[in-house]
1. What's the total number of residues in the range 45-74 that are over 19 Å from the mean Cα position of the chain (by Cα), under 14 Å from residue 20 (Cβ atoms) and either surrounded by fewer than 22 Cβ atoms within 10 Å (Cβ to Cβ) or among the hydrophobic types (A, V, I, L, M, F, W, C) (or both)?
2. Among (1) closer than 30 Å to residue 32 by Cα; (2) touching a Phe, Trp or Tyr at 6+ places or on another chain (Cβ under 7 Å), where does residue 81 come up short?
3. Criterion first (in contact with a Ser or Thr (Cβ under 8 Å, 6 or more places away or on another chain), part of a helix (DSSP H, G or I) and outside the structural domain of residue 181 (by TED's automatic domain parsing)) does residue 21 satisfy it?
4. Consider the range 109-135. How many of its residues are touching a residue at least 12 places away in the same chain (Cβ under 8 Å) and loosely packed, with under 15 Cβ neighbours inside 10 Å?
5. Count, please, the residues in the range 158-187 that happen to be under 17 Å from the mean Cα position of the chain (by Cα) and in a helix (DSSP H, G or I).
6. Taking the range 72-100, which residues are free of Cβ contacts under 8 Å to residues at least 60 places away in the same chain and not acidic (Asp, Glu)?
7. Yes or no: the range 122-129 includes at least one residue that is within 30 Å of residue 56 (Cα to Cα), part of a helix (DSSP H, G or I) and either among the acidic types (Asp, Glu) or modelled with pLDDT of 95 or more (or both).
8. Of the numbered conditions (1) at pLDDT below 90; (2) of a type outside the set (Phe, Trp, Tyr); (3) farther than 28 Å from residue 38 by Cβ; (4) touching a helix residue (DSSP H, G or I) at 6+ places or on another chain (Cβ under 7 Å), residue 95 satisfies every one except a single condition; which is it?
Amino acid sequence: MNKPSLAVRRGRKYDQVIEGARSVFLSAGFEGASVDEIARVAGVSKATLYSYFPDKRLLFIEVVRAECQRQVDEAHRAVAFDAPPRDVLRFGARRVIEFYTSDFGRGVHRICVAEAERFPELGREFYESGPAMARRQVCDFLAAACAAGHLEIDDLSLAADQFLALCQADLHDRVICGTQTEFTEPEIVRVVEGAVETFLARYGRKGGAAAMPRSRAG
């Protein structure tokens, strides 16, 4: 099966279309987002929109991919991945929390769940562009930290999954169930520090820099 991404055409108004589609999808959902409304918000004609994205599913998938890639690019600019593991893990934990509590993260999750039966490819593509990409990034960092002697991990994939799961403690269920969508700094720090310290207690090299506790992040 050919991947939908093969049909994407990039051009002068690509970013304009993506931004318009993002706004409409988040406000109206996948089913409620009409091509007419997306074109209007993006400030392009329907013909222009279709020339870039001949299918609404393809457009939604590209919106998700663009946002997830933006998150990855920002992370690489914001932190040095050869910094001490505790610092990098703290940064990563906070980014994970910021994503799943964001309007975008919550909106995309709702859409994928709502459309999973009719369009399972939406969920698959979101997984590949979001969670799977995050998992690969964490695996790469953990491999480098092990090679540098900071961590001791036999199963990198399992360890990456465990870290990401720790970042979802308490807050994620409240977000998904809709009982709370905004959190105070102490609430976020509590989960970040719990995730990092639990992870390092399991995988930090005993007696190494990664295992030495530091003061809590602000």
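The values are calculated or read from the model by the stated rules, or taken from the named source; none is laboratory data. Small disclaimer: the values here were computed from a predicted structure and weren't measured. Every residue, glycine as well, gets a Cβ built from its backbone with ideal geometry; the counts of neighbours run over all protein chains shown.
1. 7
2. (1)
3. Spelling it out, it is not the case that residue 21 is in contact with a Ser or Thr (Cβ under 8 Å, 6 or more places away or on another chain), part of a helix (DSSP H, G or I) and outside the structural domain of residue 181 (by TED's automatic domain parsing).
4. Of the residues in that region, 1 qualify.
5. Counting residues in the range 158-187 that are under 17 Å from the mean Cα position of the chain (by Cα) and in a helix (DSSP H, G or I) gives 12.
6. Going through the range 72-100, the residues free of Cβ contacts under 8 Å to residues at least 60 places away in the same chain turn out to be 73-74, 76-80, 83, 87-88, 91, 95, 98-99.
Answer for the range 72-100, where residues must be free of Cβ contacts under 8 Å to residues at least 60 places away in the same chain and not acidic (Asp, Glu): 76, 77, 78, 79, 80, 83, 88, 91, 95, 99.
7. yes
8. (1)
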